[in-house]
Every structure is written in C-alpha cells, then in structure tokens.
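Bear in mind that the values in this text are calculations on the coordinates, not laboratory data. Computed from a prediction, not measured in an experiment: that's the story for all the values here. Because the Cβ atoms are built from the backbone with ideal geometry, glycine has one as well, and the counts that use them run over all protein chains shown.
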C-alpha cells in the first residue's frame, strides 16, 4: 500500500511539473526569438550596412541572368553564406533555425536600397558593348571631377581611358567580361602606365579577377577595381 501511494504521488508531481517545464521552455524559446529578431533588425543590419559597398559589388559579379531574364543566385548565395559564416557568425550567435535565410533577405534588401541611391550601380551592363562600357566608365570619372577621355581604338598602348585630376594622371585598361579577368589585362595596364608616364595604372571591369592577375597586379602596383568603385577612386590613390 505504501509503495502504491509513493507511485501515485510521483505521477502527480510529474503531471504538475511537465506543463510548467513546457511553459518554461516555450518562454525561453520566445525570449531567444525576440533577442534574435532585435539582433537582426539592429546590430546585424548595421554590420551589413558597414560592408554594403563590397556586398553590392559581389552581387553584381556573382548574380547571373540568362538570355530569358531568369536570375540564378546559386553563386551569390554561396557568397552570402561565406559572409554569414566569417563576418556575422563570429560576432553574433543566433539560435533560430531560419537565421541564415533571414540574413540573406536583409542583405538583398540593403543591396537593393544601395543600388537605388547609387547611380553607378547599373543592372544593364550586360547589354553594353565594350566601347559603350568604356564610355560609361569615363562618364563616372567625369562626374567625380576627373578630366577623362577614351583613347583611340588602335595605338592606345594598352590604355582605354586616360584621366587627370590635381596634377595626377591615371590610365585605365577597361574590360567588360563574362568571366574573370586574367593576366593579359594587367600586363596591358603595366605597359600603358609606362608609355604614358602615368602616376597610377588601373584595370577596371564588371567581372572578378583571377588569382594570377591579382598576384601580378600586387607585384607591379596596378590596381584592380570594379566599375562601381570608380566614384570613390580617390581612396585608391
């Protein structure tokens, strides 16, 4: 009888405690969700804004649009995952299972807003010819106080644009590409810089650069930039 009474009391206690435990678990889960939501909308959004220039350029380079206008974000999604793992995650540990998808939404939202306020983030680069792209880049330089002009189609010694400002001369090798820019563009910029006795030599493109191009540029002093960085060219000089 005594054993039976103990068993009954045990089950009564369990019956009373389990709902409280479940309620406590739900309260903790709700608290963590609210904490994550605050982080996403405040600190993490500010961190994304801090890197919005680089993120905007990365999306331009990695988002692919085919002949039918269909957007392929497979490579861009990998870039956002890299940003999450290496920039956000070391600073903010989020518990919610949809944290990454939420962050991707915020990144795309902020990049869209940045594109709306930047006249040089152009979604129609793919429709331009190489000559039109050179003119487009020249226009950005002129709008930012540079005296810039394109060179002749032949005999340009590896230079597509010559720009001057405040006694500084800069030459540009311009590449509109659908794949990463390689060593040849850097070699042309090196030759052009020497031929025109310019202070600086740049390669500017809508695409990324190969590792070998980066290594050669680093050794030779040639700058490799994305066209969206032309409006802040002074920071590279």
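A few remarks follow.
- 66, 73 arranged by Cβ crowding within 10 Å, fewest neighbours leading: 66, 73
- Using the Cβ-Cβ distance between residue 70 and residue 195 with R0 set to 35 Å, the FRET efficiency from 1/(1 + (r/R0)^6) comes to roughly 0.20.
- Computed on segment 125-236, with alpha-carbon pairs under 8 angstrom and 6+ residues apart, the relative contact order is 22 percent.
- Equivalent-ellipsoid semi-axes of segment 186-237, from the Cα gyration tensor, Å, largest first: 16, 15, 9
- Sites residue 147 and residue 43, calculated FRET efficiency, Cβ-Cβ separation with R0 41 Å, nearest 0.05: 0.40
- Tensor-based shape of segment 113-237 (alpha-carbon gyration tensor, a/c under 1.5 rounded, otherwise prolate or oblate): rounded
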